[in-house]
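The values are calculated or read from the model by the stated rules, or taken from the named source; none is laboratory data. What you see is a predicted model, and the numbers here were worked out from it, not measured in a lab. Cβ sites come from the backbone with ideal geometry, for glycine too, and all protein chains shown count toward neighbours. To get the accessible areas, we keep the full protein, side chains included, count just its heavy atoms, and leave off ligands, DNA and RNA. Shrake-Rupley method; radii C 1.70, N 1.55, O 1.52, S 1.80 Å.
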Amino acid sequence: MNSEPVKAGSEPQGDATSSNKGQLTNVITRLFVKVGVLPILVVIAVAIFASASENFLTARNLMNLLRQSSYLVMVSIGQMFVLLTAGFDLSVGTIIALSSVVGASTMASIYAAFPDAVHLAILAGIAAGVGVGLVVGYINGIGVAHFHVSPFVMTLGISSIGFGIALYLTGGSPVYGMPMAFGDTFGFGNVLGLPTPILFALLMTIVAMIIVNRTRLGRYFYAVGGNINAARLSGINTHKTLILAYLLCASFAAMAGMLITARLDTGEANIGAAMPLESIAACVIAGVSLRGGIGRVEHVVLGAVFISLVQNGMNLTRVESYLQTVVIGALLIFAVIVDQLRIRLRARLGAH
């Protein structure tokens with residue numbers, strides 16, 4: 001007699017529970033589509049490394065982490081410009097190497113000829129280093145935009161050529177003879193209590209956010225990456241947009257190359273080899289779609305800091321460098337899988 005009312009009363013309660021679970025799942029899904037998995041990974045990584053090493057959360061190590069991540073932040077932001085247009089740049093490592101070699105050689109030559117013209121030597125070296133990077137970026141843009149070469153093939157080929165040129169120019173030896181003021185200012189200097197590389201990373205982040213969020217060019221990047229044919233039909237000069245994307249990517253990588261050169265106090269032809277993988281991993285794990293048209297600068301900055309955080313934590317816990325490359329590669333694969341999942345969920349939510 002009493003069982004029927006209890007059963008009848010339990011059905012609405014079950015429906016309410018099911019409804020609450022459905023709402024919670026929907027909220028989590030939408031949050032995942034919007035934010036991605038990166039914040040969760042950052043929390044997990046911090047917890048693991050903090051428990052594994054007592055030095056991880058010290059102020060000195062955290063400042064060192066931010067300084068180390070500054071270079072990757074700059075390269076990753078540049079990489080994001082290209083990814084937004086549904087391309088990618090495998091030559092950022094070459095750009096770093098060439099800018100280092102050409103910039104250091106120019107600086108050393110002028111300083112040797114005019115020892116009193118320290119500032120002239122530094123400015124000329126930086127201009128030469130960034131200039132050669134822009135040349136590489138322009139070649140990449142022309143190949144992709146006008147000759148319709150696949151970004152993978154174009155930038156991979158340029159990467160091989162560039163590294164060969166850098167090694168030829170130096171004979172495989174480091175370039176010395178730069179003014180001490182260059183390294184003291186841009187490699188080890190501080191401005192307002194912040195290391196110079198961190199300050200440059202902050203400034204370039206602000207510039208990138210203005211370009212992406214406040215300019216017509218930024219909207220064009222998203223439009224070209226979303227649908228290049230529709231962008232062309234709407235009146236966007238897609239060739240110019242693609243070239244500018246690769247030029248911006250090259251300029252950010254070249255500036256990072258000059259700052260690394262200042263830190264090393266030598267021009268090196270073999271630096272930057274890991275930057276293509278790490279910058280793409282930082283972007284993709286931050287939610288930048290490999291299919292183009294999706295991505296935010298602030299997320300990319302967090303993605304680059306996360307990659308550096310993982311490397312820093314593995315160094316403190318004495319993980320071998322060979323295994324570190326395995327971890328970064330695994331993170332890239334994981335990020336691509338997550339990216340595909342987000343695309344499917346976004347399409348499903350859009351259908352509803």
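Which condition does Thr106 not pass, out of (1) without any contact (Cβ under 8 Å) to a residue 40 or more places away in the chain; (2) β-branched (Val, Ile, Thr); (3) over 20 Å from Ala254 (Cα atoms), if it passes all the others?
In the conditions (1) without any contact (Cβ under 8 Å) to a residue 40 or more places away in the chain; (2) β-branched (Val, Ile, Thr); (3) over 20 Å from Ala254 (Cα atoms), Thr106 misses (3) alone.
If I filter the range 151-169 for residues that are assigned to a helix (DSSP H, G or I), over 30 Å from Ala108 (Cα atoms), open to solvent by 30 Å² or more (accessible area, probe 1.4 Å) and in contact with a Ser or Thr (Cβ under 6 Å, 6 or more places away or on another chain), do I get at least one hit?
no
Name the residues in the range 170-186 that are touching a Ser or Thr at 6+ places or on another chain (Cβ under 7 Å) and either assigned to a loop (DSSP other than H, G, I, E, B) or of a type outside the set (Ser, Thr, Tyr) (or both), would you?
Pro174, Val175, Tyr176, Phe186
Go through the range 109-150 and report how many residues are without any contact (Cβ under 8 Å) to a residue 40 or more places away in the chain and not in a helix (DSSP H, G or I).
Selection size over the range 109-150: 8.
Please indicate, with yes or no, whether at least one residue in the range 195-206 is in contact with a Leu (Cβ under 7 Å, 6 or more places away or on another chain), at pLDDT 95 or above, within 16 Å of Tyr71 (Cα to Cα) and not aliphatic (A, V, I, L, M).
Checked against the condition, which is being in contact with a Leu (Cβ under 7 Å, 6 or more places away or on another chain), at pLDDT 95 or above, within 16 Å of Tyr71 (Cα to Cα) and not aliphatic (A, V, I, L, M), the range 195-206 yields at least one hit.
Here's the yes/no breakdown for (1) hydroxyl-bearing (Ser, Thr, Tyr); (2) open to solvent by 20 Å² or more (accessible area, probe 1.4 Å); (3) closer than 22 Å to Ile158 by Cα:
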site	(1), (2), (3)
Tyr222	yes, yes, no
Asn237	no, yes, no
Tyr246	yes, no, yes
Cys249	no, no, yes
Met258	no, no, yes
Ala262	no, no, no
Thr266	yes, no, no
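Here are the criteria: (1) open to solvent by less than 40 Å² (accessible area, probe 1.4 Å); (2) farther than 22 Å from Arg67 by Cβ; (3) in a helix (DSSP H, G or I). Tell me which single one Leu90 does not satisfy.
(3)
Return the residue satisfying two criteria in turn: it lies in the range 171-220 and is under 30 Å from Arg291 (Cβ atoms) and of a type in the set (D, E, K, R), and of such residues it is surrounded by the most Cβ atoms within 10 Å (Cβ to Cβ).
Arg219
Anything in the range 275-309 that is in a loop (DSSP other than H, G, I, E, B) and open to solvent by 50 Å² or more (accessible area, probe 1.4 Å)? List them, or say none.
Once the filter is applied, which keeps residues that are in a loop (DSSP other than H, G, I, E, B) and open to solvent by 50 Å² or more (accessible area, probe 1.4 Å), the range 275-309 yields Leu290, Arg291, Ile294, Arg296.
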